[in-house]
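The values are calculated or read from the model by the stated rules, or taken from the named source; none is laboratory data. If you're wondering where the values come from, they're calculated on a predicted model, not measured in any experiment. Positions of Cβ are backbone-derived with ideal geometry, glycine not excepted, and every protein chain shown enters the neighbour counts.
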Amino acid sequence: MEKIDLSKLSQDDRKALMEQLEAEDKANKERIKAERDNYKTMVNETVRESFVPLMGLSKSILDAKKQVFDNFETIIALKGELFGTKEEQQSHTFTTIDGNISIKLGHRVNDNFDDTLSSGIEKVKAYMATLAKDTESAALVETIMDLLKKDAKGNLKAQRVLELRKLANRVHNAEFSDGIRIIEESYKPVKTCQFIEVKFKDEHGKEHALPLSISAFDL
């Protein structure tokens, strides 16, 4: 493109050139604005169009979930009567006679302890302080300390409390056992979401998990 020497242009030519440049700049800005407005319109229409099937899918999932839990309500109650299942059991797994399909349903549970947890821990630590400093007792202290470690939320894991109970049954110390009892009684699990998991076997006997989440599907 040939360069223009502005010094050789007349005043009128310079003015005309400036007006031309301003007009081109304005037209370019208007074009960009129009394209961006068109983009926003496309986004708006696509979001609304996509929302319809997703809303239908959400309702279908909710309806199916409710139906499954309703289907198993009587069976879970009957299971408790026939097999002595504890009412606080948080999940149940049911399998077809041929073993090809299994459905697990229940509640997710987060471990949670009330404020008496610290009292139980202090009692356990007080007992640990009385232990002789030999190799065997040092190993026991280390084991207990590991079990008393809290997670990021400041809680113990329920499974660790069970391990502490096993230790208390072996140690036979009243103070230690009382500390463990306080910890056990401070456990107040919190139910979160209801879940359903399904597994099935294909014609080759290979087991698969039935995808029940949008993120589980690759296109």
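Determine whether segment 43-56 contains at least one residue that is part of a helix (DSSP H, G or I) and either in contact (Cβ under 8 Å) with a residue 12 or more places away in the chain or farther than 24 Å from Ile214 by Cβ (or both). So that I can check it myself, show each step before the final result.
First, pick out the residues of segment 43-56 that are part of a helix (DSSP H, G or I): 43-56.
Next, from what is left, pick out any that are either in contact (Cβ under 8 Å) with a residue 12 or more places away in the chain or farther than 24 Å from Ile214 by Cβ (or both): none.
No: segment 43-56 contains no residue that is part of a helix (DSSP H, G or I) and either in contact (Cβ under 8 Å) with a residue 12 or more places away in the chain or farther than 24 Å from Ile214 by Cβ (or both).
Of the residues that make up segment 101-118, is at least one part of a helix (DSSP H, G or I) and within 25 Å of Gln159 (Cα to Cα)? First the steps, then the outcome.
Just the residues of segment 101-118 that are part of a helix (DSSP H, G or I), to begin with: 117-118.
Then keep just the ones that are within 25 Å of Gln159 (Cα to Cα); that gives 117-118.
Yes, that holds for at least one residue.
Please go through (1) farther than 26 Å from Leu105 by Cα; (2) without any contact (Cβ under 8 Å) to a residue 40 or more places away in the chain for Arg160 and return the number of the only condition it doesn't satisfy.
(1)
Restricting to segment 186-217, name every residue that is charged (D, E, K, R) and modelled with pLDDT of 90 or more. Quick ask: steps written out before the conclusion?
Filtering segment 186-217 down to residues charged (D, E, K, R) leaves 188, 191, 197, 199, 201-203, 206-207.
Hits for segment 186-217 are Glu197, Lys199, Lys201, Asp202, Glu203, Lys206, Glu207.
To keep it simple, each residue is scored yes or no on (1) more than 30 Å from Pro211 (Cβ to Cβ); (2) among the small types (Gly, Ala, Ser); (3) at pLDDT 90 or above.
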residue	(1), (2), (3)
Phe72	no, no, yes
Ile75	no, no, yes
Gln89	no, no, no
Arg108	no, no, no
Leu117	yes, no, no
Thr130	yes, no, no
Asp134	yes, no, no
Lys149	yes, no, no
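Every residue in segment 164-219 that is outside any strand (DSSP E or B) and in contact with a Phe, Trp or Tyr (Cβ under 7 Å, 6 or more places away or on another chain), please. Working first, answer last.
Pass one, segment 164-219, residues outside any strand (DSSP E or B): 164-186, 188-189, 202-206, 210-219.
Answer for segment 164-219, where residues must be outside any strand (DSSP E or B) and in contact with a Phe, Trp or Tyr (Cβ under 7 Å, 6 or more places away or on another chain): Ala168, Asn173, Glu175, Phe176, Gly179, Ser186, Lys188, Leu210, Pro211.
Residue-wise test of (1) more than 30 Å from Thr95 (Cβ to Cβ); (2) of a type in the set (Val, Ile, Thr); (3) surrounded by 11 or more Cβ atoms within 10 Å (Cβ to Cβ).
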residue: Val124; (1), (2), (3): yes, yes, yes
residue: Leu147; (1), (2), (3): yes, no, yes
residue: Ala168; (1), (2), (3): yes, no, yes
residue: His172; (1), (2), (3): yes, no, no
residue: Asp178; (1), (2), (3): yes, no, yes
residue: Ile183; (1), (2), (3): yes, yes, yes
residue: Ile196; (1), (2), (3): no, yes, yes
residue: Asp218; (1), (2), (3): no, no, no
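Within segment 76-98, track down each residue that is in a loop (DSSP other than H, G, I, E, B) and surrounded by 11 or more Cβ atoms within 10 Å (Cβ to Cβ).
Narrowing segment 76-98 to residues in a loop (DSSP other than H, G, I, E, B): 84-90, 96-98.
Scanning segment 76-98 gives Thr85, Gln89, Gln90, Thr96.
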